[in-house]
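The values are calculated or read from the model by the stated rules, or taken from the named source; none is laboratory data. Because the structure is a prediction, the values reported are computed rather than measured. Here Cβ is always computed from backbone atoms with ideal geometry, including for glycine, and neighbour counts include all displayed protein chains.
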Amino acid sequence: MGRGTRRAEADEEALRRAERAAAAHGLGERTHTQRIGSRITGLGCASLMPALLCLIFGAGMVSGPYDSGVKAVAVGLLVLAVVLPVAGFAVEGRLTHRDTRLYVFAGGVVVTVGVTRTLALAWPELSVTERTETTSYGQNSHGPTIHWLYLADPDGTPLARISTRYPAGAAVARAKAERTGT
C-alpha cells in the first residue's frame, strides 16, 4: 500500500492487518470499527480559495481591454481555477491510507495508524481515560457535551481519542466499566 491508495483499498488493508493482529493476540470476534480521521484534512477545501481567486482575476482579465499576453495569463488563471480543486480533492482522497482506525474486538482493541503501525491490546493492557468536554460558542450559548475516551498503550503512548457517541466508543466504555466495575 502506498501513495496512491484509495479509501476502500486502505480500509480493506487496515482491516486485514487488524484481523491478523487480533488473531495473533486471541482477541476474538470483531464487534465495531471506527475510522478516527485523517492526518491531512481539508486539503481539498483549502484549494477552493486560491481557485476562487484565480477565477475572479482570470475572468476580470479576460473580459478587460488587455492585449494577448495578459489574456494568455488570464486563460492560465482560469485553467488553475478548475485544476486546483480537482487536484486538491483527488490528493486528499488518496491520502486516507494515513488514517487512524480503531477496531474493537471481544477481547480488546486493535489500532492501525498509516500503513506500518498496528497495535493489538487486550482489555487489561489498554489504558482508557475518560473526559467530558462542553464547548460553547456564541454569546450566552452552550454547545454540546461530549464524553471522550483517550486510549493509550501500557507505557502511556496515546493511541486514539473517540467519543462515546460512536458505537465503537460506547463498546470501549462498556468494556472499561465491566473491567473496573464502574
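The table that follows gives values for the structure above.
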| item | result |
| --- | --- |
| Residue match in the range 128-147 (condition: assigned to a strand (DSSP E or B), closer than 19 Å to Ala21 by Cα and either outside the structural domain of Thr33 (by TED's automatic domain parsing) or among the polar types (S, T, N, Q) (or both)) | no |
| Residue check, Gly76 more than 30 Å from Arg174 (Cα to Cα), in a helix (DSSP H, G or I) and touching a helix residue (DSSP H, G or I) at 6+ places or on another chain (Cβ under 9 Å) | yes |
| Flag for Ala81 being in contact (Cβ under 8 Å) with a residue 24 or more places away in the chain, part of a helix (DSSP H, G or I) and in contact with a Pro (Cβ under 6 Å, 6 or more places away or on another chain) | no |
| Hey, Leu43 modelled with pLDDT of 90 or more, in contact with a helix residue (DSSP H, G or I) (Cβ under 8 Å, 6 or more places away or on another chain) and either outside the structural domain of Ala120 (by TED's automatic domain parsing) or of a type outside the set (D, E, K, R) (or both) or not | no |
| When residues of the range 114-162 are limited to those that are among the acidic types (Asp, Glu) and touching a strand residue (DSSP E or B) at 6+ places or on another chain (Cβ under 8 Å), the one surrounded by the fewest Cβ atoms within 10 Å (Cβ to Cβ) | Glu133 |
